[in-house]
Amino acid sequence: MRRFEIGDHVTVREATTLFHHRTQAYTRGHTGVVVEHRPEWLIPEDEAWQREDGRVEPFYVVRFRQRDLWPGYTGLDRDTLETEVAEGWLVPAEEGMQ
Amino acid sequence: MSPTHDHDHAPIEAANEISEFDVLETAIRELAIEKGLFSPEDHRRFMEWAERIGPHGGSRLIARAWLDPEFKQRLLADGTETSKEIGIDWLDPTGTGTPSDFTYFYVLENTPDVHNVIVCTLCSCYPRPVLGQAPEWYKTPHYRRRVVRWPREVLAEFGLHLPLDVEVRVHDSNQKSRFMVMPMRPEGTEGWTEDQLAAIVTRDTMIGVALPRADWTAARSPAATPR
């Protein structure tokens, strides 16, 4: 059961990154929109320890506006960046952050 | 300082430092050889093959998509499955692809409004079964850090200046998927065959740092650059 639908605004959590993960620092704390669903995959946090029976989560393609990711972005307002994020790293965007 | 080198600076670091991953690769390879899993000859033969795959598979996919709208739709809908139509099986590492457990392949279509470019900021993920080995610059921290932060400037350094009404969309390949850009078919290619079209779909046009042109193929000598 997926938590987010295409078009939902989501914020990447500022979560603990003590061990392996693949959620880039530049996306954490930032809000984007879900543009595609990906399958359910073994999350990198468990895959890194070769836990083949580890946690599986739905993944999402999240599209960010570049100006929302970078202070003083020098390109255009329409420029975007997409990357894949596991569901556990996402929370619904807060009101007013859309 | 020498007579021909009259300024002082810190020593330039050797570029051939061996990384932890190089050490790990060598250690595992030597253990595998000692254990008899494969021979040094097997390894050499494999590397010779893997390093010459090249971007021909990707070029073929794009050229066919330009000519066949139904193929294009299939390719955009399911890159992994559609690659099999040209003999590249992402699910069979010992087929014509390179070994990879990353078998979700997505083709990103450029349009008059959107230009796509790929990067892997966390390491060097690259769609090897269709593009072969990544170019050195693709793997450098220099490209990986900067193309997400200053994409238009980095593309300009490659000679690609995009119009202001085009959205630049960077794809940071950080999980299981691998991406390849489908450039737009350039003018001046009307009536061309699939082979002719494939020749102008060069590696860099499928990474997204260049656009194909009717008067350019990767086989041409750079000295002959048309202006």
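Can residue A:47 be described as under 16 Å from residue B:175 (Cα atoms), buried (at least 17 other Cβ atoms within 10 Å of the Cβ) and within 12 Å of another protein chain (Cβ to nearest Cβ)?
The answer is yes for residue A:47.
If a residue has to be closer than 12 Å to residue A:28 by Cα and part of a strand (DSSP E or B) to count, how many in segment A:64-73 make the cut?
Residues that pass the stated criteria total 1.
Taking segment B:163-183, which residues are in a loop (DSSP other than H, G, I, E, B), within 7 Å of chain A (Cβ to nearest Cβ) and under 20 Å from residue B:122 (Cβ atoms)? Steps first, please.
Here is the first cut: in segment B:163-183, the ones in a loop (DSSP other than H, G, I, E, B) are B:163-166, B:173-176, B:183.
In the following step, the residues that additionally are within 7 Å of chain A (Cβ to nearest Cβ) were identified as B:164, B:174-176.
The answer is B:174, B:175, B:176.
Of the conditions (1) within 14 Å of chain A (Cβ to nearest Cβ); (2) in contact (Cβ under 8 Å) with a residue 24 or more places away in the chain, residue B:77 satisfies every one except a single condition; which number is it?
Exception for residue B:77: condition (2).
Among the residues of segment B:79-134, count how many are surrounded by 15 or more Cβ atoms within 10 Å (Cβ to Cβ), modelled with pLDDT of 85 or more, in a loop (DSSP other than H, G, I, E, B) and not small (Gly, Ala, Ser).
Of the residues in that region, 11 qualify.
May I ask you to list the residues in segment A:64-73 that are in contact (Cβ under 8 Å) with a residue 24 or more places away in the chain and more than 7 Å from chain B (Cβ to nearest Cβ)?
A:64, A:65, A:68, A:69
For the list (1) assigned to a helix (DSSP H, G or I); (2) within 10 Å of chain B (Cβ to nearest Cβ); (3) not acidic (Asp, Glu), I need the number of the one condition that residue A:61 fails.
Checking residue A:61 against (1) assigned to a helix (DSSP H, G or I); (2) within 10 Å of chain B (Cβ to nearest Cβ); (3) not acidic (Asp, Glu), the one that fails is (1).
So which residues in segment A:58-74 are touching a helix residue (DSSP H, G or I) at 6+ places or on another chain (Cβ under 9 Å) and crowded, with 20+ Cβ neighbours inside 10 Å, if there are any at all?
A:59, A:60, A:66, A:69
Which condition from (1) at pLDDT below 95; (2) within 22 Å of residue B:176 (Cα to Cα) is the one that residue A:89 breaks?
Among (1) at pLDDT below 95; (2) within 22 Å of residue B:176 (Cα to Cα), the lone unmet condition for residue A:89 is (1).
Condition (residue is crowded, with 21+ Cβ neighbours inside 10 Å and either under 21 Å from residue B:111 (Cβ atoms) or more than 18 Å from the chain's Cα centre (by Cα) (or both)) applied to segment B:156-169: is it met by at least one residue?
yes
Looking at residue B:21 and the list (1) farther than 18 Å from residue B:104 by Cα; (2) modelled with pLDDT of 95 or more, which single condition is not satisfied?
Residue B:21 satisfies all of (1) farther than 18 Å from residue B:104 by Cα; (2) modelled with pLDDT of 95 or more except (2).
Residue by residue, here is whether (1) surrounded by 11 or more Cβ atoms within 10 Å (Cβ to Cβ); (2) at negative phi holds:
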{"position": "B:27", "(1), (2)": "no, yes"}
{"position": "B:31", "(1), (2)": "no, yes"}
{"position": "B:40", "(1), (2)": "no, yes"}
{"position": "B:54", "(1), (2)": "yes, no"}
{"position": "B:63", "(1), (2)": "yes, yes"}
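Got a number for residues in segment A:74-97 being more than 8 Å from chain B (Cβ to nearest Cβ) and in a loop (DSSP other than H, G, I, E, B)?
Qualifying residue count for the region: 6.
The values are calculated or read from the model by the stated rules, or taken from the named source; none is laboratory data. Being a predicted model, the structure only gives us computed values, none of them experimental. Quick reminder, even Gly has a Cβ in these numbers, built from the backbone with ideal geometry, and neighbours come from all protein chains shown.
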